[in-house]
Amino acid sequence: MTFRAAWLVLLMFAVVERAIAQSWPDTVQGRQAAAAALLRFEAELDASDSATLVLGRWCADHAMATPPSIQAVRDRALDKPADRTVRRLLRAGQGEVLRYRRVRLACGSHVLSEADNWYRPARLTADMNSRLETTDTPFGVVVRDLKFHRRTLDVRWLFHPLEARPRRGAGGLLAIPHAVLRHRAVLADGEGAPFSLVVETYTGEVLAFEAQPPAFAVSR
């Protein structure tokens, strides 16, 4: 556990939007276990250039689906034109065409993340652009030949299991909101040129597995 990750998780407050029924008990131990799991998940995201690969490993490690493969479900009806901030972060001129893609990444029945992605088609190959336009293949899979690197711009914790006190009794389940974590990151190719800005919202479904005792006590 890094100091930065521990500091973030201890400062964030709970945002209860929609509870999902899981096996995490609403007790001190259950909340510590949920906090520890989210810290591990965040550490894996921090250590990787591909969120898609992290989600695939996470799904496999926790036996969340068979097979534990990540599927992208694209929302083709939604469009968000790039604003000046997006263009600045991607170093795209005012006249350069930028495209937008909104996908949900799922493992089996579990939607693990919802991602907004603005990208520069001029930095991709014709085949990559065709696959992004005509298929639901995850973005990271399509562009992996670019040997890209990920630079995280900011991380926002939307749910902190330790913030609220547990209800009396051990029979209740922890109310886990729809969104628990949000990342904003830029992907750059092997030449260092940014070609994609992603805003990834990770859902409470990342905790859709049997609760385990934390390997360490998460204290306040």
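The values are calculated or read from the model by the stated rules, or taken from the named source; none is laboratory data. None of the values given here were measured: they were computed from a predicted structure. All Cβ positions, glycine included, derive from the backbone under ideal geometry; neighbour counts span all protein chains shown.
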Condition set hydroxyl-bearing (Ser, Thr, Tyr) and crowded, with 16+ Cβ neighbours inside 10 Å, scope segment 36-81, selection farthest from the chain's Cα centre (by Cα): answer is Ser50
Condition broken by Asp136, with the remaining ones in (1) part of a loop (DSSP other than H, G, I, E, B); (2) within 30 Å of Arg31 (Cα to Cα) satisfied | (2)
Within segment 109-128, can you find the residues that are surrounded by fewer than 17 Cβ atoms within 10 Å (Cβ to Cβ) and either at positive phi or part of a helix (DSSP H, G or I) (or both)?
-> Pro121, Ala122, Ala126, Asp127
Of (1) farther than 24 Å from Asp136 by Cα; (2) at pLDDT below 95; (3) touching a helix residue (DSSP H, G or I) at 6+ places or on another chain (Cβ under 9 Å), Arg31 fails just (3)
Say we look at segment 83-93 and pick out the residues that are in a loop (DSSP other than H, G, I, E, B) and free of Cβ contacts under 8 Å to residues at least 40 places away in the same chain; which of these is surrounded by the most Cβ atoms within 10 Å (Cβ to Cβ)?
-> Ala92
Those residues of segment 48-64 which are assigned to a helix (DSSP H, G or I) and not polar (S, T, N, Q) amount to Ala51, Leu53, Val54, Leu55, Gly56, Arg57, Trp58, Cys59, Ala60, Asp61
Taking only pairs six or more apart or across chains, which ones have beta-carbon atoms under 6 Å, a first residue in segment 185-211 that is over 20 Å from Ala65 (Cα atoms), and a second residue that is in a loop (DSSP other than H, G, I, E, B)?
-> Leu187/Phe148; Asp189/Phe148; Gly190/Lys147; Pro194/Arg91; Phe195/Arg120; Phe195/Asp189
